[in-house]
Amino acid sequence: MSSVFDLIVRGGTVVSSSGQVRADVGVVGTSIQSVGDLSGESAREQIDADGLHVLPGMIDTQVHFREPGLTHKEDIAHGSLAAVMGGVTTYFEMPNTDPPTTTRDALADKLERANQTSWANYAFFIGASETNVDELASLEMLPGTPGIKIFAGSSTGTLLVEDEQLLRQVFQNGIRPCPIHSEDEARLRERKKLISDEPHVREHPFIRDAEAARLCTERMIRLSRETGRPVHILHVSTLDELPLLREAKLQGLNVTCEVTPQHLTFNSDDYESLGTKLQMNPPVRAEEHRLALWDALDKDLFDVFGSDHAPHTLDEKAQPYPKSPSGMPGVQTILPALLDFHSQSKLTLEKIVRMSSERPAELYGVARKGRVAEGYDADLAIVDLRAAFTVEGRWFKSKCGWSPFEGRALTGRPVHTVVCGRVVVKDGEPNRPYEGRRVEFNWK
């Protein structure tokens, strides 16, 4: 007698970093029970994936969902819905909320909020600060956190760890990889004095220049070498940082790094048409930097893709530079943007899966996620590589309601999204809410 699955995804092409295979995926409860030929098996629910590709759901390790305190521009419900609409089934949220996530109570509050409203699986970073440095080793092991985030350069929010001795203490208090916003704060302060009398957002990469990023990344690598603490450099934006990162890896240091679709897609010429919608920290820069990032990506320097989803309202963005806040939404467009790169033969599906799912799970010690394989959680992004579409405002689920990708023609998009065995997006539309679960980690 054949077994009964809760869900079978039939006839799709399953993708991993090692290749592609046509197979059915059988799900029982929240887990994948079988990958293979299930033609003789029955299921309570089925998805016809003929002609589609079955990817492990993306793990986006850098989002800002603004809850609590800044929910006029985003919240967990809207941000996580945007995530699953874009094939992201797991997210790690950043601590620069109001209040910042620097204590056990603040983490517990976020976890409870997500338990009530999150469409995707969730975890929340603890923010390093001068007030919690002695507690970080215990805080990073709390359930529901991927570890400690360091803002070495100021961005949105009040979290900033600038002093070198304090940074060293942060590095020495814990063992898990530290994601780092890497810009040199002292240089940023000096550069702000150079703003013109009639400032325009095109000055943003001049004020927050490549040297600010290079100086800080060099410093983080040095402290990592000194203390042995793994570091993860977020949203690398400059050609100047690339030799430092490459050399650190050649030396066997525990240094990893991230690149965003924004920095791979846009250059500083786009400030003329997009204005402050393109303003983010670190900035979108000149074409030579964008091309250097692509060259580094081709040579496998980067470990993961991240969206740095950091929404603000259009009214906030409409303020004259530099009063306009830095950041843009991205969690719904990250996988479509990567699939579009694939359609242009710039990325293989295998590399997308490795950097979007497998490597994030390895880097942060995520339990049972990142692969379409037996025993793993049934988190799936089922995509149509041939689907050509124009990014339109009515598609956006983020509370901010806009994107720098709006109006762009892309090829490749998620059709169905499965979170812990439940079909939360079906035929491109929200299907079943609030199925996300707290991420479990293998660290002890």
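Bear in mind that the values in this text are calculations on the coordinates, not laboratory data. Nothing here was measured: the structure is a model prediction, and the numbers come from that model. Here Cβ is always computed from backbone atoms with ideal geometry, including for glycine, and neighbour counts include all displayed protein chains.
So, with +1 on the Cβ of K and R and -1 on the Cβ of D and E, and no other charges, what is the size of the charge dipole of the range 58-364 about its Cα centre, to the nearest 20 debye?
So the magnitude is around 280 debye.
Considering the options L160, G144, Q46, tell which one lies farthest towards the positive end of the dipole of the chain, charges being +1 on Lys and Arg and -1 on Asp and Glu at the Cβ, about the Cα centre.
After comparing all options, I get Q46.
If you average 1/r over all unlike Cα pairs in the chain and invert the result, what Kirkwood radius do you get in angstrom?
Hydrodynamic radius (Kirkwood, Cα pairs) of the chain is 21.8 Å.
What's the exposure ranking of E316, E358, E74, E392, going from fewest to most Cβ atoms within 10 Å?
E392, E316, E358, E74
Go through the range 213-317 and name the trypsin sites (Lys or Arg not before Pro) that are in a DSSP coil and have 11 or fewer other Cβ atoms within 10 Å of their Cβ.
Sparse-neighbourhood loop trypsin sites (Lys or Arg not before Pro): K299.
About its Cα centre, what dipole magnitude does the range 71-127 give when the only charges are +1 on Lys and Arg Cβ and -1 on Asp and Glu Cβ, stated in debye to the nearest 20?
100 debye
Report the charge-dipole magnitude of the range 115-208 in Debye, nearest 20, computed about the Cα centre from +1 at each Lys and Arg Cβ and -1 at each Asp and Glu Cβ.
280 debye
By the scheme Lys and Arg +1, Asp and Glu -1, what is the net charge of all other residues having a beta-carbon under 14 Å from that of E226? Could the numbers behind the result be given before it?
Working: positive: R168, R219, R222, R225, R229; negative: E164, E218.
Here the count lands on +3.
How far is it, in nm, from the label point at E440 to the one at E272 when both lie 7 Å from their Cα along the line to the Cβ?
The answer from the label model is 5.5 nm.
Need the full-extension length gain, S31 to A373, defined as separation in residues times 0.36 nm minus the C-alpha distance. One decimal, nm. Before the final figure, lay out each step's value.
Values: separation 342, 0.36 × 342 = 123.12 nm, distance 0.93 nm.
Gain in length upon complete extension: 122.2 nm.
I need the calculated FRET efficiency for the pair T131 and K346, taking r as the beta carbon distance and R₀ as 51 Å, to the nearest 0.05.
Working: r = 44 Å, r/R0 = 0.87.
Efficiency, from the Cβ-Cβ distance: 0.70.
Given a Förster distance of 22 Å, report the FRET efficiency between E362 and S138 from their Cβ-Cβ distance, rounded to the nearest 0.05.
Once the sixth-power term is evaluated, E becomes 0.35.
Checking the table K277/K399; K193/K317; K110/K317; K317/K399 against a 20 Å threshold on Cα-Cα, which pairs fail? Each step should come with its number before you reach the end.
Details: K277/K399 15 Å; K193/K317 22 Å; K110/K317 26 Å; K317/K399 14 Å.
Long pairs (Cα-Cα over 20 Å): K193/K317; K110/K317.
Just to be sure I understand: if I project the alpha-carbon convex hull of the range 204-338 onto a plane and average over all orientations, what area do I get in nm²?
Reported value for the Cα convex hull: 8.2 nm².
Quote to one decimal, in nm, the extra length available between D48 and R225 on full extension: 0.36 nm per residue of separation minus the C-alpha distance between them.
Extra length available between D48 and R225 comes to 58.7 nm.
For helix 210-227, what angle does its Cα long axis make with the longest principal axis of the chain, in degrees from 0 to 90 and rounded to 10?
The angle comes out at about 80 degrees.
In degrees from 0 to 90, rounded to the nearest 10, what is the angle of the helix 287-298 Cα long axis to the longest principal axis of the chain?
That helix lies at roughly 40 degrees to the long axis.
When the helix-only estimate is applied to the chain (DSSP H runs of n ≥ 4, each -39,500 (n - 2.57), divided by the residue count), what is the mean residue ellipticity at 222 nm, nearest 500 deg cm²/dmol?
After summing the helix terms and dividing by the residues of the chain, the value is -7500 deg cm²/dmol.
With the dipole of the range 58-364 worked out from charges on the C-beta (+1 for Lys and Arg, -1 for Asp and Glu) around the Cα centre, which of A310, T348, H64 lies farthest toward the positive end?
Value computed over the given set: T348.
Starting from the 7 Å offset along Cα-to-Cβ, what nm value, one decimal, do you get for the label separation of A186 and V21?
A separation of 5.5 nm, rounded to one decimal place.
What's the center-to-center distance, using Cα atoms, between the range 94-143 and the range 166-229 in Å?
One Cα centre to the other: 23 Å.
Taking the dipole about the Cα centre of the range 193-351, with the C-beta of Lys and Arg at +1 and of Asp and Glu at -1, give me whichever of H200, V255, L297 is farthest to the positive side.
Toward the positive end, the furthest listed residue is V255.
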